[in-house]
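Novice: Can you keep this structure in mind? I'll have questions shortly.
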Amino acid sequence: MEPKTIKKIGVLTSGGDSPGMNAAIRAAVRAGFYYNLEMFGIYRGYEGMIQDDIKRLDSKNIAHVLERGGTFLKSARSTEFKTPEGRKKAYENLKSHGIDALVVIGGDGSLTGAHLFFQEFGIPSIGLPGTIDNDLSGTDSTIGFDTACNTAIEAIDKIRDTATSHDRLFFVEVMGRDAGFIAINAGIGSAAAAILIPEKKMPIEHLVEKLKIRSKAKKSSNIVIVAEGGKSGGAGEIAEKVKKFLPSYDIKVTILGHLQRGGAPSSFDRLLASKLGVAAVEGLLQGKYDVMAGLINNKVVYTPIKKAIVDDKSVDEEDFRIAKILST
Ligand code: ADP
């Protein structure tokens with residue numbers, strides 16, 4: 001597309017928060033300053049866009065945010081933005097500030113909103129993949145995924161200490177919505193006995209058999225990683241089912257939950273967010289609209305948002321094969 005003149009860019013974070021969102025905001029804003037643009041923070045995602053919670057940012061606003069988890073712009077879910085009236089209000093507010101382009105940092109829902117908004121009002125926009133779930137195509141990793149895996153592994157290491165001391169069987173549930181990326185990474189990285197992910201069905205009987213074999217091999221601890229959103233249920237339900245087969249086992253359940261969303265971003269996520277924040281602003285200036293900036297093989301790639309949200313990225317078969325070998 002022929003680049004439009006862009007002078008004022010609005011940045012927002014939306015949907016589920018993820019570690020590294022701050023680093024992405026900071027990079028986009030710094031890049032904007034580098035190219036002599038005015039930069040605006042749109043607070044509380046699309047909700048703030050509708051309620052005119054929009055402020056011009058200066059370099060003080062983005063000092064010391066790179067290393068902090070969460071998002072200083074705050075995130076929110078907005079049902080009003082899903083209505084044409086809500087989006088019209090949001091557009092009027094952007095116009096009143098003279099904002100002529102947007103950087104939207106969020107997951108597939110937020111990027112869907114950005115796509116729709118671009119279709120309706122034609123405001124140049126670029127999405128950045130900000131989610132711990134890693135469920136967006138067009139990037140090898142989403143911002144926050146690496147930190148969430150590190151947090152999960154750290155927690156599982158601690159669970160293993162108590163599991164070993166008491167010869168217990170632990171079912172640990174990790175986040176990821178309908179995707180098993182955190183589960184497979186954290187499972188391999190913490191030597192899990194088995195990994196249950198939504199993308200692959202494992203009959204309870206198989207799992208029980210596996211655990212029995214490991215028990216015979218005198219493995220002193222067993223940790224099974226369960227991804228939330230699996231068709232066979234969460235960690236609690238799976239544990240209940242297994243208990244019926246193995247009544248003598250000392251079984252415990254831990255749900256890691258929201259702690260996986262917090263914490264200082266890892267070095268990897270800081271770098272990813274920094275590269276993509278700059279890529280968002282440069283992409284807008286080059287006339288790349290309605291796309292998501294991602295990193296594939298360490299190169300910035302712009303993928304149409306429609307493709308990034310629809311293409312189903314699935315857990316690498318090779319990772320699954322490795323997990324199987326290592327847990328046998
Ligand atoms: P995430 O971005 O983490 O996937 P959500 O799915 O909750 O989180 O989406 C975040 C926000 O994006 C929603 O609250 C809504 O404001 C907006 N959004 C999501 N889907 C749509 C849609 N189909 N049309 C318009 N806006 C949407």
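Novice: Quick test of your reading of the structure: Glu120 fulfils all but one of (1) part of a helix (DSSP H, G or I); (2) of a type outside the set (S, T, N, Q); (3) within 12 Å of the chain's Cα centre (by Cα); (4) within 16 Å of the ligand (Cβ to nearest atom). Name the failing condition by number.
Specialist: Answer for Glu120: the failing condition is (3).
Novice: Another question about this same structure. Considering each residue of region 242-270, count those that are surrounded by fewer than 17 Cβ atoms within 10 Å (Cβ to Cβ) and assigned to a helix (DSSP H, G or I), and give that number.
Specialist: Adding up the residues that qualify gives 8.
Novice: Please pick out the residue among Arg87, Arg56, Arg68 that is farther than 30 Å from Ala179 by Cα and of a type outside the set (Gly, Ala, Ser).
Specialist: The unique qualifying residue is Arg56.
Novice: Let me ask something additional. Mind telling me which of the residues Ser110, Ser141 ends up being near the ligand (Cβ under 9 Å from one of its atoms) and either among the small types (Gly, Ala, Ser) or touching a residue at least 60 places away in the same chain (Cβ under 8 Å) (or both)?
Specialist: None of the others qualify; the one that does is Ser110.
Novice: Within region 75-107, restricting attention to residues that are in contact (Cβ under 8 Å) with a residue 60 or more places away in the chain and farther than 20 Å from Ser18 by Cβ, which residue is nearest to the ligand (Cβ to nearest atom)?
Specialist: Leu94
Novice: Okay, next question. Out of all the residues in region 16-51, which are over 23 Å from Ser267 (Cα atoms) and within 16 Å of the ligand (Cβ to nearest atom)?
Specialist: Within region 16-51, Ile42, Tyr43, Arg44, Gly45, Tyr46, Glu47, Gly48, Met49, Ile50, Gln51 qualify.
Novice: Return the residue satisfying two criteria in turn: it lies in region 1-15 and is farther than 22 Å from Phe145 by Cα and modelled with pLDDT of 95 or more, and of such residues it is farthest from the ligand (Cβ to nearest atom).
Specialist: Filtering first and then ranking leaves Lys7.
Novice: Applying the selection to region 86-108, what residues are of a type in the set (Gly, Ala, Ser) and buried (at least 17 other Cβ atoms within 10 Å of the Cβ)?
Specialist: Once the filter is applied, which keeps residues that are of a type in the set (Gly, Ala, Ser) and buried (at least 17 other Cβ atoms within 10 Å of the Cβ), region 86-108 yields Gly86, Ala90, Ala101, Gly106, Gly107.
Novice: Which of the numbered conditions does Lys158 fail, given that it passes all the others? Conditions: (1) in the same structural domain as Asp53 (by TED's automatic domain parsing); (2) away from the ligand (no atom under 13 Å from the Cβ).
Specialist: Against the list (1) in the same structural domain as Asp53 (by TED's automatic domain parsing); (2) away from the ligand (no atom under 13 Å from the Cβ), Lys158 comes up short only on (1).
Novice: Another question, then. Can you name every one of the strands (runs of 3 or more DSSP E) wholly within region 134-241 that holds 1 or more residues which are charged (D, E, K, R) and closer than 17 Å to Arg261 by Cα?
Specialist: In region 134-241, the matching strands (runs of 3 or more DSSP E) lie at 169-174.
Novice: Looking at region 199-241 only, could you name the residues that are under 28 Å from Glu318 (Cβ atoms), surrounded by 14 or more Cβ atoms within 10 Å (Cβ to Cβ) and small (Gly, Ala, Ser)?
Specialist: Selection gives Ser221, Ala227, Gly229, Gly230, Ser232, Gly233, Gly234, Ala235.
Novice: Within region 176-196, which residues are in contact with an Asp or Glu (Cβ under 8 Å, 6 or more places away or on another chain) and either among the charged types (D, E, K, R) or surrounded by fewer than 24 Cβ atoms within 10 Å (Cβ to Cβ) (or both)?
Specialist: Arg177, Asp178, Ile188, Ser190
The values are calculated or read from the model by the stated rules, or taken from the named source; none is laboratory data. If you're wondering where the values come from, they're calculated on a predicted model, not measured in any experiment. As a convention, Cβ positions derive from the backbone with ideal geometry for all residues, glycine included, and neighbour counts pool all protein chains shown.
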